[in-house]
Every structure is written in structure tokens, then in C-alpha cells.
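Colleague: The structure under discussion is supplied below as C-alpha cells; questions concerning it will follow.
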Amino acid sequence: MYANLARIAHSPADIVIDFAHLLPGEPRAKIRSRVLMTPMSAKLLVRALTENIALYETAFGEIILP
């Protein structure tokens, strides 16, 4: 599923990530997927993403943010 936008919310027990697709010129994004996880699982996901982005940048160069 393609997403170019993520919205994150939380409660004491859960982290909620909505993945959406925002089209140019459209006023609202369409939510494509919602993922609920424990705070511990979310922290492990952040760790895994950080490690994988570092590997990606080693192979392909730095990702420049606007």
C-alpha cells in the first residue's frame, strides 16, 4: 500500500499510526491503513527503521529532507 503521509496519535496503552495518500490539489488525504501497536512495539519499530535507513543511505546516499 502506498502512503505519502502518516498521522500519529497515542493513548497510555496504544500508539496509532494512520497511513494516508494525499493527492496534489485535494483538500483531504485518504486513510489507506491504520496500525495500532503498544508503545514498546512502536519504539522497536523506530529502532528498526533507523537502522534500515542508515543501511539505505550507506548504499544509496543521504536522504535530503526539504
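The values are calculated or read from the model by the stated rules, or taken from the named source; none is laboratory data. Just so it is clear, the structure is predicted and the values come from calculations on it, not from any experiment. For accessibility, only protein heavy atoms count, side chains too; no ligands or nucleic acids. Shrake-Rupley method; radii C 1.70, N 1.55, O 1.52, S 1.80 Å.
Colleague: At a threshold of 8 angstrom on Cα-Cα distance, excluding pairs fewer than six apart, so keeping six or more, what relative contact order does the chain reach in percent?
Modeller: Result for the chain is 23 percent.
Colleague: Report in % the part of the accessible area of the chain that belongs to carbon and sulfur, leaving out ligands and nucleic acids; probe 1.4 Å.
Modeller: Numbers: 3700 of 5820 Å².
Ligands and nucleic acids excluded, carbon and sulfur give 64 percent.
Colleague: Per residue, what accessible area does the chain have, given a 1.4 Å probe and all protein chains present, in Å²?
Modeller: Accessible area per residue, the chain: 88 Å².
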